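Colleague: Take a look at this one; I'll ask things after.
The values are calculated or read from the model by the stated rules, or taken from the named source; none is laboratory data. Keep in mind that what you see is a predicted model, and the values were worked out from it rather than measured. FYI the Cβ positions are ideal-geometry reconstructions off the backbone, even for glycines, and counts take in every protein chain you see.
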Amino acid sequence: MRYSQIPKGLFIRNRKKLAGRLERNSVAIVHSNDQMLRNGDQFFPYRQNSDFFYLSGIEQEMSVLLLCPDHPDIDRQAILFIRQPDAKMETWEGKKLEKKMAKEISGIMNIQWLENFESISRELILESEHIYCASHELIKFRPEHSSRDERYLTKLKKDFPLHELKRLSPILTELRLVKEPEEQALILKAVEITKSGFKRLLSFVEPGQKEYDVEAELTSEFIHQGATGHAYAPIIASGENACSLHYITNDQVCRDGDLLLMDFGAEYANYAADCSRTIPVNGRFTKRQKDLYNANLRVFRQARALIKPGTTIDKINKEVGKIWEEEHIRLGLYSTRDRQKQSKDDPLYMKYFLHGSSHFLGLDVHDVGSKQEILKPGMILTCEPGIYIPAEKTGIRLENDIMVTSEGNTDLMKEVPIESEEIEELMRR
C-alpha cells in the first residue's frame, strides 16, 4: 500500500474509459496476480497484475475486480473483492486492506469480501450477455504457467457454455498506451530516481570492483529515493559481457580499460523507467572507444528525432538500420562494396546492432503495444541504439525514455548525462 497517495481519480477514469468500450449488457472480470512460490514456504516479492492495478490501484494479492457498467443498480456497476483480514494472518503477514482503505485507494464504493465472489459474479453473469476476460497476449512471450485470469477463463467456459466470451486485453492495451497526466508524473518520478542512481555510479565505479558492487549502489539509491527497487533485472555488463544483450549475472570484475554497459531503471508506483549508459571503468575512453561511443550517440540523436506522431516503431527500426550502415562503414566494420553485396534478408548492420531501437514503456518495462502501433501524443517509448563488437570485446548502448507530443517528442531523460566528455568529467571529480 506504499502508493495509496495516487489520486483515485486516475483509476475511476481508467474504469470509465474501459466501460465505454464494452458491448452493452456486459460484465468484465480481472484478477490480481498470483503469489509466486520462491522455494519452501517463501514467495517472491509480490508484484500486481498491471491491468488490475491500472483499473483499481490495488496492490494486494487474492483480489478480483468485476465491472458491469450497464447494471441499473449503481452499486453493482463496479465491485472489488478482497481477502477478509483476520488477526492470525496479520500476525504473520502484516496489515491487510480493510474495506474503507480499499474504497479510498480505488474509488470503488462496493467492496466485498472474496468469499462472496462466486455468488455475486454468477448472478451478474447470468444477467449479462457478454463476458470480458483478460489473458496474456504479448506477441513474443508466452509464460509456461497460466495466470489467475486464464484459469478463471477455463472455469467460465465450463460453467457458462452459452455465454459469449470476449477478449479484454486488446481494449486494455489500447487504453494503456496513451498515458494519463498522473501516469506521466509517476514515470517522471521513476526517471528522476534513475538519474540519481546513474549520477551516484559516476562517482563510484573504478577498476577492480565487481559488477554486483555497481548493482548494489544502484539498488541502495533506488530504495533511498522511495522506489520499490528495479523495474527489471539490471544489466551491469563489463567488457565482453556487454555483447550479451540480457546479461544479468553481474558477478565479473570491472577491469581497467574496459567499458561498462549498464541497463537499469527504477520502478515507482509500479511504473517503470528504462535507461542505458556505457562508461569507461577507469573514467577515460580510449580513442577507439570514444569513436564507437560518439557514433552511437549520433545514431541515438537521429533515432530520437524519428519518434513523432503518425509513425510506428517498425518504421523507426528500418530507418535506424540505414543510419547505422553509414556509421558502421565510417568505423571500418564493413565497406560500401560489402553493403552493395549484402542480402536484403540478412543486412550487415544486424551483425553489430542486434535488437530494435524502441519499445513502449509504462506499467511494464516492455509495455503493451506492437511495433505496428501508430504513435500518438501521450505514448512513452524508449530510444536505445547499440553497437556490439565481440571481436573487440565491446558493447555500447544508450537509452532514454521519450514521450510523444503533438509537436514531436520530449526526452524525459535529457538531464541524465550522456556526452562522452561530460561522463569523463563527472568520473574525474
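Colleague: Among the residues of segment 343-353, are any under 22 Å from K308 (Cβ atoms), in contact (Cβ under 8 Å) with a residue 12 or more places away in the chain and assigned by TED's automatic domain parsing to the domain that holds A391?
Modeller: Within segment 343-353, one or more residues are under 22 Å from K308 (Cβ atoms), in contact (Cβ under 8 Å) with a residue 12 or more places away in the chain and assigned by TED's automatic domain parsing to the domain that holds A391.
Colleague: Could I ask something else about it? Could you pull out the residue among E118, E123, E164 that is surrounded by fewer than 13 Cβ atoms within 10 Å (Cβ to Cβ), without any contact (Cβ under 8 Å) to a residue 40 or more places away in the chain, farther than 30 Å from K371 by Cβ and touching a strand residue (DSSP E or B) at 6+ places or on another chain (Cβ under 6 Å)?
Modeller: Working: E118 fails: touching a strand residue (DSSP E or B) at 6+ places or on another chain (Cβ under 6 Å); E123 fails: touching a strand residue (DSSP E or B) at 6+ places or on another chain (Cβ under 6 Å).
None of the others qualify; the one that does is E164.
Colleague: What number of residues in segment 289-311 are in a helix (DSSP H, G or I), in contact with a Leu (Cβ under 7 Å, 6 or more places away or on another chain) and not hydrophobic (A, V, I, L, M, F, W, C)?
Modeller: 3
Colleague: Another one. When residues of segment 79-100 are filtered for being touching a Lys or Arg at 6+ places or on another chain (Cβ under 9 Å) and either assigned to a helix (DSSP H, G or I) or under 21 Å from S26 (Cβ atoms) (or both), how many remain?
Modeller: 3
Colleague: Hey, another quick one. All but one of (1) of a type in the set (D, E); (2) in contact (Cβ under 8 Å) with a residue 24 or more places away in the chain; (3) surrounded by fewer than 17 Cβ atoms within 10 Å (Cβ to Cβ) hold for E327; state the number of the condition that does not hold.
Modeller: (3)
Colleague: Given the condition within 22 Å of L297 (Cβ to Cβ), assigned by TED's automatic domain parsing to the domain that holds R337, more than 17 Å from the chain's Cα centre (by Cα) and without any contact (Cβ under 8 Å) to a residue 60 or more places away in the chain, answer yes or no: does some residue in segment 405-412 qualify?
Modeller: Yes, there is a match, as at least one residue in segment 405-412 is within 22 Å of L297 (Cβ to Cβ), assigned by TED's automatic domain parsing to the domain that holds R337, more than 17 Å from the chain's Cα centre (by Cα) and without any contact (Cβ under 8 Å) to a residue 60 or more places away in the chain.
Colleague: Take the residues in segment 144-161 that are surrounded by 14 or more Cβ atoms within 10 Å (Cβ to Cβ) and more than 28 Å from the chain's Cα centre (by Cα), then tell me which one is nearest to V64 (Cα to Cα).
Modeller: Among those that are surrounded by 14 or more Cβ atoms within 10 Å (Cβ to Cβ) and more than 28 Å from the chain's Cα centre (by Cα), it is L156.
Colleague: Still on this structure: Would you check if there is a residue in segment 196-208 being among the small types (G, A, S) and at positive phi?
Modeller: Within segment 196-208, the subset among the small types (G, A, S) is 196-197, 203, 208.
Restricting the remaining residues to those that are at positive phi gives 208.
Yes, segment 196-208 has at least one match.
Colleague: Could you check how many residues of segment 345-367 are of a type in the set (D, E, K, R) and within 8 Å of the chain's Cα centre (by Cα)?
Modeller: 2
Colleague: Does at least one position in segment 1-13 carry a residue that is modelled with pLDDT under 90, outside the structural domain of Y268 (by TED's automatic domain parsing) and under 17 Å from F81 (Cα atoms)?
Modeller: Yes, segment 1-13 contains at least one residue that is modelled with pLDDT under 90, outside the structural domain of Y268 (by TED's automatic domain parsing) and under 17 Å from F81 (Cα atoms).
Colleague: Within the group I307, I279, I316, which residue is without any contact (Cβ under 8 Å) to a residue 60 or more places away in the chain and buried (at least 21 other Cβ atoms within 10 Å of the Cβ)?
Modeller: Result: I316 is the single residue among I307, I279, I316 that is without any contact (Cβ under 8 Å) to a residue 60 or more places away in the chain and buried (at least 21 other Cβ atoms within 10 Å of the Cβ).
Colleague: While we're here: Looking at segment 290-340, which of its residues are farther than 19 Å from K371 by Cα, out of contact with any helix residue (DSSP H, G or I) (no Cβ under 8 Å at 6 or more places or on another chain) and acidic (D, E)?
Modeller: Matches in segment 290-340: D291, E326.
Colleague: Another one. G332 versus (1) modelled with pLDDT under 95; (2) surrounded by fewer than 15 Cβ atoms within 10 Å (Cβ to Cβ): which is the lone unmet condition?
Modeller: The single condition G332 does not satisfy is (1).
Colleague: Further question: What residue, of A242, A216, A185, is hydrophobic (A, V, I, L, M, F, W, C), surrounded by 18 or more Cβ atoms within 10 Å (Cβ to Cβ) and either touching a Lys or Arg at 6+ places or on another chain (Cβ under 8 Å) or at pLDDT 95 or above (or both)?
Modeller: Of the residues listed, the single one that is hydrophobic (A, V, I, L, M, F, W, C), surrounded by 18 or more Cβ atoms within 10 Å (Cβ to Cβ) and either touching a Lys or Arg at 6+ places or on another chain (Cβ under 8 Å) or at pLDDT 95 or above (or both) is A242.
Colleague: Taking the condition free of Cβ contacts under 8 Å to residues at least 40 places away in the same chain and either within 30 Å of L126 (Cα to Cα) or not assigned by TED's automatic domain parsing to the domain that holds A28 (or both), does F43 pass?
Modeller: Answer is no for this residue.
Colleague: Filter segment 39-96 down to residues that are touching a Pro at 6+ places or on another chain (Cβ under 9 Å) and at pLDDT below 95 and give me whichever is nearest to E115 (Cα to Cα).
Modeller: K96
Colleague: OK, next. Would you mention how many residues in segment 219-236 are within 17 Å of the chain's Cα centre (by Cα), free of Cβ contacts under 8 Å to residues at least 60 places away in the same chain and crowded, with 18+ Cβ neighbours inside 10 Å?
Modeller: Here the count works out to 5.
Colleague: Could you tell me which of the residues E129, E137, E150 is more than 30 Å from N400 (Cβ to Cβ), in contact with a strand residue (DSSP E or B) (Cβ under 8 Å, 6 or more places away or on another chain) and touching a residue at least 12 places away in the same chain (Cβ under 8 Å)?
Modeller: Among E129, E137, E150, only E129 is more than 30 Å from N400 (Cβ to Cβ), in contact with a strand residue (DSSP E or B) (Cβ under 8 Å, 6 or more places away or on another chain) and touching a residue at least 12 places away in the same chain (Cβ under 8 Å).
Colleague: Go through segment 169-206 and report how many residues are within 29 Å of K17 (Cβ to Cβ), of a type outside the set (S, T, Y) and touching a helix residue (DSSP H, G or I) at 6+ places or on another chain (Cβ under 8 Å).
Modeller: Start the filter on segment 169-206 by keeping residues that are within 29 Å of K17 (Cβ to Cβ), which leaves 169-194.
Filter again for of a type outside the set (S, T, Y), leaving 170-172, 174-193.
Then drop every residue that is not touching a helix residue (DSSP H, G or I) at 6+ places or on another chain (Cβ under 8 Å), which leaves 171-172, 175-176, 179-180, 182-183, 193.
Going through segment 169-206 one residue at a time, the tally reaches 9.
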